Amino acid sequence: MTASKSAIEMPILNIEEVYKIYQSEKTETAALRGVSLSIYPGEKVALIGPSGAGKTTLVNISAGILPPTSGKIFWSGISRDISRLSSEQIVRARRQFAGLVFQETKLISHLNVTQNVKLGGYLAGMDSKEIDDRAKMLIDLVGLGDRKKHRPGMLSGGERQRVALAAALITNPKLIIADEVTASLDPLTSEQILDVLDDINRELDVALLLATHAQQVASRAERIIEIKDGIIHATHSSSIRLRSLAETRNLAVDNQHRVAIPEDMMKALGSPRSFKAKIVGQQIHLSIPNDELYEVKKVLTCSVCGALVEKGSQVCKNCGMVIT
Ligand SMILES: Nc1ncnc2c1ncn2[C@@H]1O[C@H](COP(=O)(O)OP(=O)(O)OP(=O)(O)O)[C@@H](O)[C@H]1O
Ligand SMILES: [Mg+2]
């Protein structure tokens, strides 16, 4: 997304300060803690983060499958916060808004490719000629023109995922929301599915929101959102490497002006408990206060190998040196 794009276009998805607390009898898990996010028309956005970060929770809330505990969700074309709508109203509104694709495809086993793709069109009450034309166009677009009469059981995993994509697009939505879309596929098949997603994005101008662990997926996105412990920590523009996120990261500032310093950066600095902050021109310089610097140096660095040692440790985990 370019700055001018966000300035002139309205977002198609707007999430404001969303919290999600899963409650069971004994425990409460805060899966999302004040997440705000906008997706603009035609954008390709990847949502990355470690296992348990809140990716699936965020995409399910974005898709209206899961209600938030608090916060607002706006879809283009619907003036009200969708979390205030009934489930029937959400299902109806979603048909024009988003197509959903998951790691395991949800195709109907006794229907063939064409029938699976058309089904959502009938449920949405579309005109049958429009359904026929659009299904044909979509089946060709995903490269299954010669598999139209096959049932899901006669298709490979990658082909089933193509059917799921075509089915998700039958009602002409503005956005595809996908959770780990390539996770069950081998690298070559994943690459082909990602090519299909690129075609969908380019030819139909459909925006993509893809939750993923995979470098392959994240590197195709034009904006990457990094989530951890239910908070958006950072964003990246294109060309990221999951192993060296620090190189491309823009730290996110939330509605309350908070910035979370990523764990890898904190560890590299010896996990100080405070920073001095100074504005220098357009920059903020953070420095470790002198008293903490002494403590960090004395307690947290192994004198033999230089590795950072956790406070209170007797032995360096890296080289086995006894800390004195
Ligand atoms: N139905 C649920 N009930 C209780 N806790 C849940 C539920 N679903 C998810 N969680 C918890 O919420 C947190 C976020 O889970 P979520 O599935 O959104 O993570 P994720 O980033 O998608 O992880 P992964 O990469 O493993 O798919 C985790 O701590 C998880 O255990
Ligand atoms: Mg998940």
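The values are calculated or read from the model by the stated rules, or taken from the named source; none is laboratory data. Note that the structure is a prediction, hence the values are computed from the model and not measured. Neighbour counts run over all protein chains shown; Cβ positions are idealised from the backbone, glycine included.
Details
- Count of the stretch 73-111 residues, restricted to those that are assigned to a strand (DSSP E or B) and surrounded by fewer than 18 Cβ atoms within 10 Å (Cβ to Cβ), is 0.
The rows are residues; the columns are (1) closer than 30 Å to residue 195 by Cα; (2) touching a residue at least 40 places away in the same chain (Cβ under 8 Å).
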| site | (1), (2) |
| --- | --- |
| 21 | no, yes |
| 29 | no, no |
| 34 | no, yes |
| 40 | yes, yes |
| 44 | yes, yes |
| 47 | yes, yes |
| 55 | yes, yes |
| 63 | yes, yes |
| 70 | no, yes |
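- Residue 190 meets the stated requirement of being free of Cβ contacts under 8 Å to residues at least 40 places away in the same chain, assigned to a helix (DSSP H, G or I) and more than 16 Å from ligand 1 (Cβ to nearest atom).
- The set of residues in the stretch 21-70 being near ligand 1 (Cβ under 8 Å from one of its atoms) and of a type in the set (D, E, K, R) consists of 55 alone.
- As for the stretch 231-241, it holds at least one residue that is within 13 Å of residue 43 (Cα to Cα), surrounded by fewer than 17 Cβ atoms within 10 Å (Cβ to Cβ) and more than 14 Å from ligand 2 (Cβ to nearest atom).
- The number of residues in the stretch 146-182 being under 14 Å from residue 135 (Cβ atoms) and out of contact with any Asp or Glu (no Cβ under 8 Å at 6 or more places or on another chain) comes to 13.
- Here the condition is being of a type in the set (A, V, I, L, M), at pLDDT below 95 and under 18 Å from the mean Cα position of the chain (by Cα); of 188, 209, 194, 175, it holds for 194 alone.
- Tally, over the stretch 199-247, of residues that are under 21 Å from residue 9 (Cα atoms) and among the acidic types (Asp, Glu): 3
- Residue list for the stretch 158-193, filter: surrounded by fewer than 19 Cβ atoms within 10 Å (Cβ to Cβ) and either among the aliphatic types (A, V, I, L, M) or within 27 Å of residue 53 (Cα to Cα) (or both): 183, 184, 186, 187, 188, 189, 191
- Qualifying residue in the stretch 121-139 (condition: in the same structural domain as residue 181 (by TED's automatic domain parsing), surrounded by fewer than 16 Cβ atoms within 10 Å (Cβ to Cβ) and in contact with a Phe, Trp or Tyr (Cβ under 9 Å, 6 or more places away or on another chain)): yes
- Pairing residues of the stretch 251-274 that are part of a loop (DSSP other than H, G, I, E, B) with residues that are β-branched (Val, Ile, Thr) and at pLDDT below 80, at Cβ distances under 7 Å and at least 6 apart in sequence or on separate chains, gives 270/296; 272/296.
- Matching residues in the stretch 174-188 - criterion: being out of contact with any strand residue (DSSP E or B) (no Cβ under 7 Å at 6 or more places or on another chain) and of a type in the set (A, V, I, L, M, F, W, C): 183, 185, 188
- Qualifying positions in the stretch 29-72 - in contact with a helix residue (DSSP H, G or I) (Cβ under 9 Å, 6 or more places away or on another chain) and within 14 Å of ligand 2 (Cβ to nearest atom): 31, 32, 46, 47, 48, 49, 61, 63, 65, 66
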